[in-house]
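Below is one structure. I have some questions about it.
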Amino acid sequence: MEIGSRLREAREEKGLTLEEVQNTTKIQKRYLQAIEKNEFGVLPGKFYTRAFIREYASAIGLDPEQVMEEHKSELPANEEEQVITYSRVQKSKSDNRGSKGPGSFSKAFPTVLTIVLIIGLLFVAWYFILQVSNPNDSSNEEESSEDQVDVSNTDDQESGEESNEGSNDESSEENEEDSDEESNAEDESEEEEQEEMDISLEDTGSGGFPEHTYEITNADDRELIIEFDGESYLAVNAPKGGESLADERIYTADDDNLEIDISDQEEVYISTGSVSGITVKVNDEEIEFPAENHTQKLLIRFE
């Protein structure tokens, strides 16, 4: 009976399936089937064939070594012994190579050392020959470098003086331009302050002699100008102090315009008997009479 049939019968007597043997041995089912059919060429190699048969026999309760001995003629040659023999031969060869290596290197070492010493001596001799033949090269190079440094320093000083003179001239010109720009900016800022004066009508009066209230802001320097275009009664007062700021009388077109400095006043009270005969201005900004009445009053407050 072949080894494969023997193993199959023993498995069936134990009541085991190939799947159970596969789980026990971790050998693929197709390899177990090949062993039972004695198709050892399906297995991955001769060494694995003998190992798988041992595992199979052990899993189904047979003595692996006895089975192997009884069917050794059916099994492929023991590759393990060949591997061991080959490894021993290779090891002996490598040992022989290793023993030859150090000896050959020790023989060649004196020759290599002699060549290195000869090259070193030649280099030293060449260096001294160069020094003897050209002893003044280094000193000439140092002198030339010093001359170059002196020339460069003088050039740098001259260029620095010229650049300083140029920078001084430019800085003076820039300072003059800056001063001009600053003065222009101051003039413009003063004009802007005058233009920023705000006039707003806060209250419009009513009745036969209406009183209108104006509020003016951002007017530090204030000048009241009254122009006469016809005959009109006029009174100009400072309400808080009761001070009269102009003669209270009837003015005509022949009278000169009134120009009154009211910078110190917080309020100015203007009363007229004929609106069409006068024009009221504060810093050249006209203050209008909003009603249609012939006689009106203006109360101007400064904030």
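Every number in this text was worked out from the coordinates using simple rules, so none of it is lab data. If you're wondering where the values come from, they're calculated on a predicted model, not measured in any experiment. As a convention, Cβ positions derive from the backbone with ideal geometry for all residues, glycine included, and neighbour counts pool all protein chains shown.
State, to one decimal in nm, how far the label point of residue 24 lies from the label point of residue 73, with both points 7 Å from Cα in the Cβ direction.
In this crude label model, residue 24 to residue 73 measures out at 2.9 nm.
Residues with beta-carbon under 11 Å from that of residue 54, excluding residue 54: net charge, scoring Lys, Arg +1 and Asp, Glu -1?
Net local charge, residue 54 excluded: -2.
Moving on to the next point. Return the inverse of the average 1/r over all pairs of distinct C-alpha atoms in the range 3-77, which is the Kirkwood hydrodynamic radius, in Å to one decimal.
Mean inverse Cα-Cα distance, inverted, gives 12.0 Å.
Still on this structure, please answer the following. For the modelled label position 7 Å from the Cα of residue 5 along Cα-to-Cβ, which residues of the range 11-50 have backbone nitrogen atoms closer than 14 Å?
Within reach of a label on residue 5: 36-39.
Could you check the simple spin-label distance between residue 266 and residue 114, using points 7 Å along Cα→Cβ, in nm with one decimal?
In this crude label model, residue 266 to residue 114 measures out at 12.2 nm.
If we count other beta carbons within 10 Å of each Cβ, what is the order of 212, 294, fewest first?
Starting with the residue having the fewest Cβ neighbours, the order is 294, 212.
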